[in-house]
1. Which members of segment 60-86 meet the condition of being assigned to a loop (DSSP other than H, G, I, E, B), open to solvent by 30 Å² or more (accessible area, probe 1.4 Å) and β-branched (Val, Ile, Thr)?
2. Condition first: assigned to a loop (DSSP other than H, G, I, E, B) and either under 35 Å from the mean Cα position of the chain (by Cα) or surrounded by 15 or more Cβ atoms within 10 Å (Cβ to Cβ) (or both). Now tell me which residues in segment 50-59 satisfy that.
3. Which of the numbered conditions does Pro67 fail, given that it passes all the others? Conditions: (1) farther than 18 Å from Trp186 by Cβ; (2) out of contact with any Pro (no Cβ under 9 Å at 6 or more places or on another chain).
4. Regarding Pro157, is this residue assigned to a loop (DSSP other than H, G, I, E, B), at pLDDT below 95, open to solvent by 40 Å² or more (accessible area, probe 1.4 Å) and not polar (S, T, N, Q)?
5. Quick check on this structure: which one of Arg198, Arg222 is assigned to a loop (DSSP other than H, G, I, E, B), among the basic types (Lys, Arg) and under 14 Å from Val111 (Cβ atoms)?
6. Can you tell me which residues in segment 178-195 are outside any strand (DSSP E or B) and buried (at least 24 other Cβ atoms within 10 Å of the Cβ)?
7. Identify the residue in segment 120-133 that is open to solvent by 40 Å² or more (accessible area, probe 1.4 Å) and either more than 29 Å from the chain's Cα centre (by Cα) or modelled with pLDDT under 95 (or both) and, among all such residues, is farthest from Asn209 (Cα to Cα).
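The values are calculated or read from the model by the stated rules, or taken from the named source; none is laboratory data. Here the structure is a predicted model, which is why all the values come from computation and not from measurement. Note: ideal-geometry Cβ built from the backbone for every residue, glycine included; neighbour counts use all protein chains shown. Note: accessible area is taken over every heavy atom of the protein model, side chains too, but ligands, DNA and RNA are not part of it. Shrake-Rupley method; radii C 1.70, N 1.55, O 1.52, S 1.80 Å.
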Amino acid sequence: MAYASVRVLIGAGVLAGLSACVPTTTTTSTSTKEPAALKAEVPAEGVYLATSDDGFNVPQVPVEKVPDEFERQIVDYETAEVPGTIVINPAEKHLYFVTGKGKAIRYGIAVGKSGFEWHGVANITNRKHWPTWTPPPEMIERKPELAKWEKGQPGGPTNPLGARALYLTTNGRDYGYRIHGTPDWWSIGKNASSGCIRMINQDVMDLYNRVPDGAKVIVLTRDGKMPTGLKLPPPAPKKKAPAATPAPAVATAAEAATVATPAASTAPADGPMSTPVPATGVEAATPAAVTVPAATTTPTVSVPSVTAPAAATPVVVTPAPAATTPSVPATAPTTAPAPAAATAPATAPTTPAPASACAVPLVNGVCPQN
């Protein structure tokens, strides 16, 4: 009887030792009813002080210039998402890192500017310290000055991705969206990016250390609702090719000679840029002297006015050459129109006597034989 009792006691001891190495199924650590809360602590001060990280200096952020609502803090946040999930509200410019039931750490962010908004569900599938930034071809097309980084800009304080980058994919596809830091802390709270989620460098470094790989990221719609699918911004319209320059824009010497010849032969002699020449061969002093009739404005024309040189006033008719003026009779009709006086021969004699009346030349208009 004593021997049997000893055997029972030994068997019980062995079973007790084995039970410490075999996990039981009654543990509540993997229960899906209420996931374990994550550690959530945020220092009251010194959150945005300067620091050194991986050999780079992270400058201090002037916290007095950052609105309170965009500073890192623990807040009440009701959601059905499990701890470790990131919920982004573009309308509020806030990123929530769920830490437990009704609690989250809230960060201020900058989101996509007009035309670059998106919403949907993604997962964090990669992460990097001081990442290299490579602008996509579409961005280089919009900003040609970025072509110098087409092979990638090394990480550093001036790199647009800042101190950390969390890479997002949806259904295994990378659409180019990131949660990353930025040296431009003043852009927080604004629509400033090309679709990525910007954070103050000190904040993205803090989030990087908290969020697990594969974490779920939810980007709400612009009105703060849960997305029903992935919605991306429309692709940028392709630029039209510039119109081809016409071939004759630069003429050859032969073409230039061909064009010049017709122009010289077809140009009107009395075009708007030329002055017509009078029929008498004498250049008019002014165009008005030809077109304004003098007879209609002057009742009589005296002999001196006929023999005087050509006048420049509009009322004087162009006279005959000076050499012919002595032969004009003193008794010329004073009422004759100006055009007739201009065209009549300057040597026209008075009415001669019939040939049968005087056989010799007249003297003072009288036949000496009479």
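1. Thr79, Val82 - these are the residues of segment 60-86 that are assigned to a loop (DSSP other than H, G, I, E, B), open to solvent by 30 Å² or more (accessible area, probe 1.4 Å) and β-branched (Val, Ile, Thr).
2. Step one: of segment 50-59, the residues assigned to a loop (DSSP other than H, G, I, E, B) are 50, 54-55, 59.
Correct list: Pro59 only.
3. Answer for Pro67: the failing condition is (1).
4. On the way: assigned to a loop (DSSP other than H, G, I, E, B): yes; at pLDDT below 95: yes; open to solvent by 40 Å² or more (accessible area, probe 1.4 Å): yes; not polar (S, T, N, Q): yes.
Judged against the criteria, Pro157 is a match.
5. On the way: Arg198 fails: assigned to a loop (DSSP other than H, G, I, E, B).
Residue meeting the stated conditions: Arg222.
6. Step one: list which residues in segment 178-195 are outside any strand (DSSP E or B), which gives 183-190, 194-195.
If the condition is that a residue be outside any strand (DSSP E or B) and buried (at least 24 other Cβ atoms within 10 Å of the Cβ), then Trp185 is the only one that fits.
7. Step one: of segment 120-133, the residues open to solvent by 40 Å² or more (accessible area, probe 1.4 Å) are 121, 123, 125-129, 132.
Now drop any that are not either more than 29 Å from the chain's Cα centre (by Cα) or modelled with pLDDT under 95 (or both), which leaves 121, 123, 125-129.
Numbers: Val121: 21, Asn123: 16, Thr125: 15, Asn126: 13, Arg127: 11, Lys128: 11, His129: 11 Å.
The selected residue is Val121.
This table checks each residue for (1) part of a loop (DSSP other than H, G, I, E, B); (2) without any contact (Cβ under 8 Å) to a residue 40 or more places away in the chain; (3) surrounded by 14 or more Cβ atoms within 10 Å (Cβ to Cβ).
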position: Ile88; (1), (2), (3): no, no, yes
position: Arg106; (1), (2), (3): no, yes, yes
position: Pro135; (1), (2), (3): yes, yes, yes
position: Ile140; (1), (2), (3): no, yes, yes
